[in-house]
Structure formats: C-alpha cells, structure tokens
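Novice: Input: one structure, supplied below.
All of the numbers you see were taken from the coordinates with simple rules; none came from a lab. The structure displayed is predicted, hence computed values, not measured ones. Note that each Cβ is placed from the backbone with ideal geometry, even for glycine, and that neighbours are counted across all protein chains shown.
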Amino acid sequence: MTYAINETHDPNLRSWVASANDPNTDFPIQNLPFGVFLPPGENELPSIGVAIGDQVLDLSAVAEELWAEDFSDEIADACTMDLSLRWILSLDVHQLAELRQRISKLLRAEASDHERAVAEAALLPMSAVQMLLPTEIGDYTDFYASVYHATNIGKMFRPDQPLMPNYKWIPIGYHGRASSIVPSGASIRRPVGQTMPDGATTPSFGPSKVLDYELEVGFFVGQGNPQGQPISLSEAEDHIFGLCLVNDWSARDIQRWEYQPLGPFLSKSFATTISPWIVTTAALAPFRAAAFQRADSDPQPLPYLDSPENRERGGFDIRLEVLLTSEQMRQQGMAPHRLSASNTQDLYWTFAQMLTHHTSNGCNLQPGDLLASGTVSGANDGSQGSLIELTERGAKPFTLPTGETRRFLEDGDEVILRGHCERAGFRRIGFGECRGIVMG
C-alpha cells in the first residue's frame, strides 16, 4: 500500500485554528505532523502532540477524552499508553490512515461543538512547549544517497575516480550513533579528537578545526520486520512512517584521519540534530516524484531494488535550504544568511530502496529506527549540502552580511535547516526548523 491522495489533502480544507489557515505556515491542516513535547510548568510529563498552525494539539489528552471509552480501540491505546510515539509508529498503514482522518476531522472548521471544545482545551502555543525527541531511537543508519555529494567529495580526494565502483549498484550506508541524536535547539559541543595536520609525521589531539554540517532528510521506521525476513521493495513504503530534517554534524579533520579503512567513527558520533516534527508519508502523498533519472550509461538497479512504481513515484519533491547566523549577526538583529538550497529529487537512491537494501540480508528494523539520506546536494553551484563542498575544502571562503568570513563553522555559529513542499493544487506544507548552535 502506498498512501493515496484523499480528502485530508483537499487544499480547500479550513481549520478552526486560525493560524493553520495562514498560507505561509508549515503546519496547515493538510500536514498534521507528530512529535513529543513537554508542557510548561513543573512536574509535567511528556505528551504526544500534533502541530497545527502555531499551536500544538495534545493528542494524548484528546484520545483519552474522545476515544478511550472503547477498550478495543487500538488507535486510542497507541495515543495514550506511552509518552512517546512508539506505539503509534507500530500501527499498520490502515490504522495510521484512520488516525489521520480522525485528527483532520477534529480540527476542521466543520467539527462538532463537542469535538472542538475538547480539542481547544488540549491546545498549547508552540512557543510555550519544549519539543523532545519523538521516540527512543534504538538504531540509526546514515546513507550516502546523493550522487552529486558523493562526486563532489570524491573529486577532492580521488580526482581520477570520484565514485567508487559499487556506488551506482548499492545504497551505501554506515551504522551511526543513536545515543547522541538530539532535538532541534540543543547546543553542539565542538568535538575533540585525533587529527593529522598536513606535513606532520605524528597525529595531534585537540578540538576539531574543520567542523561542518550536513543537510540531510531522515525517515523513521514504522512497523519493523522479524530478523531473517527481508522487506521487499513493494512492501517498503508500508514500513516508512514519516520524514524529518537531519543535520549530521561532521568533524572533517578527524574524519580525514580515521575513516580509512572502516569509515566514519568519532568524527560523526558526537552529535546529530533532528527536527522535532515527523511529517508522515501520508501527508507527503501529493509531493511524490519520480526516482532519480539515471544516465543511459549508468547500470539499472538489481531486481530486488527495482520496480515500475518505485521508478514512477519513489522519490519526494522536498525543497531544502541551509541558513547560518553568527553570534555577531544575532547581536545585530540580522536575519539568517542562506548558504544553499537543494531538493530530495537529487537523491540517487529512494528511501524505499534504502530500507529494502538495509533488510535484504535479514537485518531486523524496529519501530523508531532512524535512517537518513546522507548529504543532499544538487548539480548546480549553490546546491551543496555541506561546507566542505561549498567552500571546496576551505579554499573558497564565503562572506556573511557582517563582513565575517567562513571556511568552516566557528564557535557561536547557528546552523538552521528548513524544508517544505509545494505543488499546484495543494497546500504548502513544511517540516519546521532543525537548529543547532556550535559551542566551544
């Protein structure tokens, strides 16, 4: 099953939550992303929330009031029995579609007086709550799915062979560190580690001098699979709950010294930031796109990674951008400076292919596992998703509105990732922001 466009995507739907009708909001009634938040006040417990305009709907409270009387209602149980999204992630696609319908009807202008009264009592201003990680993330895998990013990086280190022979045959990934994933807004400590400076004969140990960001899109696994039972490409979409923005912070000087022969380690494991709202694949149904159009000279995927449906609509049309503010810019009240813009349509491998390949050896994924795309870069200048590409390893620094220059990130720099979807005939929906400030 893939999610179909239905009445919940109707661009004419209006909500009684006034801010949800703003054409510029990331969170109209056609979106309805999930997250977990901490209400204001002492001794408050986390709760499951749905973003609507500039408000957060306490879904746990609504489910308890409206749906919990039916003891056979698994959807109500999933919304009330835990302080994370774990049980909602475990619902099947039909139950998730039903939950989306319930929330949509509750927030529509046509909602009954009783439903509206219950929902109004469960609304909190988004500015008043603290967003948490949406669920306990048991495992995290980071892919390398942008052929433009892989080529840009490869040219720096292997100009005669930018791409390794396996790149166009297999979704490349590595196992990341789940324990150091943090929600948007958390400060990022500059990591320390071993580096080998140019011309040196022995490594040194100290703070990274070449700190970078990586613009990525992640997806959360919904229902998992038993160990030893792969997920086929035709079934993969049923196991993808929704998407978020990911900043996979990278210490390039540490990475350069350590990544041979087994790949990134301490250069990546110190922090990964994710946006707090999970935009469901159901909400993204109007914004599906064809998979990456491969050159005639490129190999076609092996049969287990190929299908007509994946070719036709395996991709997503998500417009991404990276912005930066320095401490000096913030002191002067300056707006964030945009560094680059790219699109997930430039990913060589689809999310379904990544998930299918991940399980092809029998690996068992679990609800709440996070898989990320790797840096999303495009073919054109200004579409690079990392500073190592944008500044060509620091050889071409850029200038901020204050006159400050940057090759890589300095202490006090805040990186802001944004993403949204637009298509004629549908409401614009967004992901919110993924923010992190570098601390010394």
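Novice: Residue farthest toward the positive end of the dipole of region 7-132, with Cβ of Lys/Arg at +1 and Asp/Glu at -1: which of Ala18, Gly35, Val50?
Specialist: Farthest towards the positive pole: Ala18.
Novice: Whole angstrom only: what separates the Cα centroid of region 39-94 from the Cα centroid of region 423-440?
Specialist: Using only Cα atoms to place each centre, the spacing works out to 23 Å.
Novice: Mind putting a number on the dipole of region 1-111 about its Cα centre? Charges go on the C-beta only, +1 for Lys and Arg and -1 for Asp and Glu, and I need it in Debye to the nearest 20.
Specialist: Numbers: 6 positive and 19 negative charges, 83 e Å.
I would put it at about 400 debye.
Novice: When the chain is treated as a GNM, springs tying every alpha-carbon pair under 10 Å, which of Thr350, Thr202, Thr80 comes out with the largest mean-square fluctuation?
Specialist: Thr202
Novice: PRE reach from Leu45 (point 7 Å along Cα→Cβ): which of region 70-84 fall under 18 Å by backbone N?
Specialist: 76-84
Novice: Work from the charge dipole of the chain (Cβ charges, +1 for Lys and Arg, -1 for Asp and Glu, about the Cα centre) and give the residue of Thr350, Tyr140, Gly403 farthest towards its positive end.
Specialist: Gly403
Novice: Follow-up. What nm value, rounded to one decimal, do you get for the distance between Glu392 and Asn21 when each label is placed 7 Å out toward the C-beta?
Specialist: So the label points at Glu392 and Asn21 sit 5.2 nm apart.
Novice: Using 0.36 nm times the number of residues separating Gln194 and Gln332, minus their current alpha carbon distance, what extension gain do you get?
Specialist: Here the segment from Gln194 to Gln332 would lengthen by 46.1 nm.
Novice: Sticking with this one: Quote the charge dipole size of region 149-222 about the Cα centre in Debye, to the nearest 20; the model charges only the Cβ of Lys and Arg (+1) and of Asp and Glu (-1). Let's see the in-between values first.
Specialist: Values: 7 positive and 5 negative charges, 20 e Å.
That gives region 149-222 a dipole magnitude of about 100 debye.
Novice: Still on this structure, please answer the following. Each label point is 7 Å from the Cα along the Cα-to-Cβ direction; what then is the distance between the points at Asp70 and Gln300, in nm?
Specialist: 4.6
Novice: Charges at C-beta only: +1 for Lys and Arg, -1 for Asp and Glu. How large is the resulting dipole of the chain about its Cα centre, in Debye rounded to 20?
Specialist: Here the size comes out at about 1580 debye.
Novice: For region 158-246, what is the Kirkwood hydrodynamic radius in Å, using each pair of distinct C-alpha atoms? Can you show the working numbers first?
Specialist: On the way: mean 1/r = 0.0560 Å⁻¹.
Over region 158-246, the inverse of the mean reciprocal pair distance is 17.8 Å.
Novice: Give me the base-10 log of I(q)/I(0) for the chain at each q in 0.12 Å⁻¹, Debye formula, one uniform scatterer per Cα, rounded to two decimals.
Specialist: Evaluating at q = 0.12 Å⁻¹ gives log10 I(q)/I(0) of -1.02.
Novice: With the crude spin-label approximation of a point 7 Å out along Cα→Cβ, what separation in nm comes out for Thr202 versus Asn166?
Specialist: Going by the 7 Å Cα→Cβ label model, 3.5 nm.
Novice: Pull up the cross-link candidates among the lysines for Lys268, meaning alpha carbon to alpha carbon under 27 Å and not fewer than 8 places away within one chain.
Specialist: Lys155, Lys168, Lys209, Lys396
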